[in-house]
Amino acid sequence: MQKYAYHWLGDNWSWVEYMADSVKNIYEYQLFGLPFMGCDLCGFNGDAAGDLCTRWHQVGTLFPFARNHNQNATTDQEPYVFNFSLPANVSDNHSITYTDVIRTAIRNRYTLTRYYYSQFWKINEEGGSFFKPLFFDFGDDAEAYKIIEKNMLIGNALKGSVETTNLSKSEGVDFYFPQGTWCPIIPHMPSNFNECIDHSAGGANKTLRSHMEDYYVHIRDGSILPV
Amino acid sequence: MTDLIILPNASNGINNTEVDYRPDCSAKGTLYFDDGVSYKKDVTKLQVFYSYISEKLGANSSIV
């Protein structure tokens with residue numbers, strides 16, 4: 001089963017707490033030996049608002065298995081439902097919509113399709129995990145065990161940084177980057193190597209802006225990423 | 001067409017077993033391709049190794 005099957009996290013709720021928990025729950029399934037794992041993006045029970053559904057798509061498109069799924073008794077939550085401008089409490093950019101932000105996240109996932117496919121095959125052949133907390137690869141770093149719902153490794157080459165606990169805009173959220181050099185892939189596809197994070201001397205927090213349109217994926221040094 | 005984003009580092013060369021020398025910096029990755037149509041997928045595995053060497057006859061880089 002662990003080699004061929006996928007699974008999802010069950011009937012969750014459209015609450016921000018469930019979004020953060022979905023990250024940690026997918027980590028757990030990596031331990032169980034089910035790497036191809038996901039959850040109902042935007043939540044199954046309850047009504048999802050645009051801000052929650054958008055952020056859940058952003059982090060969800062980094063999940064191994066990504067699917068928006070809803071109960072029929074709740075309000076619609078397809079990406080096109082939220083095609084209205086970002087309000088002032090989540091962003092300063094009012095010229096784009098939640099739908100625009102979700103579209104960007106989905107396109108980013110498809111840009112990484114070759115990488116995802118390769119990582120899944122590699123796991124199928126060799127075992128291992130795909131969506132994992134930092135301490136899986138940086139076990140000697142005590143900081144890698146903290147705030148695991150915002151910092152995630154995506155296969156061997158990428159790190160995701162997503163504010164999964166707060167939907168309001170923030171000019172500075174601390175994300176942890178372990179020892180190494182990390183260069184942005186998202187939002188600077190293919191990359192802007194002038195904005196690399198040099199933590200070659202040791203791991204540290206990096207403060208990044210978190211408006212609704214902001215989430216981050218960095219390539220790890222020593223990696224070759226197909227796009 | 002597939003592009004490669006390569007971010008080498010110095011420490012990678014220490015653990016590298018694909019080559020018999022230690023490069024100044026290197027990067028590695030694995031790609032899998034299939035034919036996209038058959039039920040029993042015809043999968044090709046491609047291991048990519050990039051190295052940069054600055055000693056001796058001058059700086060050079062290569063992708064294997």
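Contact order for chain A, expressed relative to its length and based on alpha carbon pairs under 8 Å spaced 6+ residues apart, stands at 18 percent.
For B:24, A:198, what ranking results if the residue with the fewest other Cβ atoms within 10 Å of its Cβ goes first?
Ordered from fewest to most neighbouring Cβ atoms within 10 Å, B:24, A:198 come out as A:198, B:24.
Between residue B:1 and residue A:146, the distance separating the two model label sites (each 7 Å from Cα on the Cα→Cβ line) works out to 4.6 nm. Exposure proxy ranking for A:217, A:59, based on other Cβ atoms within 10 angstrom of each Cβ and starting from the fewest, stands as A:217, A:59. Considering only alpha-carbon pairs that sit under 8 angstrom and 6 or more positions apart, the relative contact order computed for the stretch A:65-128 is 20 percent. Over the C-alpha trace of the stretch A:130-220, radius of gyration and Dmax come out as 12.2, 33 angstrom. More than 29 angstrom separation, counting every C-alpha pair in the protein assembly as shown; what % is that? Considering the protein assembly as shown, 36 percent of its Cα-Cα pairs are separated by more than 29 Å.
The trypsin sites (Lys or Arg not before Pro) of the stretch A:90-157 meeting both criteria, a DSSP state outside H, G, I, E and B (loop) and at most 15 other C-beta atoms within 10 angstrom of the site's C-beta, are A:146. Residue pairs exceeding 22 angstrom between C-alpha atoms, taken from A:122/B:41; A:122/A:146; A:150/B:28; A:150/B:45; A:206/B:28; A:24/A:146: A:122/A:146; A:150/B:28; A:150/B:45; A:206/B:28. Here the spin labels are modelled as points 7 Å beyond Cα on the Cα-Cβ line, and at residue A:195 and residue A:85 they lie 2.4 nm apart.
Bear in mind these aren't lab numbers, they're just calculated from the coordinates by the rules spelled out. This is a predicted model, so every value here is computed, not measured. Neighbour counts run over all protein chains shown; Cβ positions are idealised from the backbone, glycine included.
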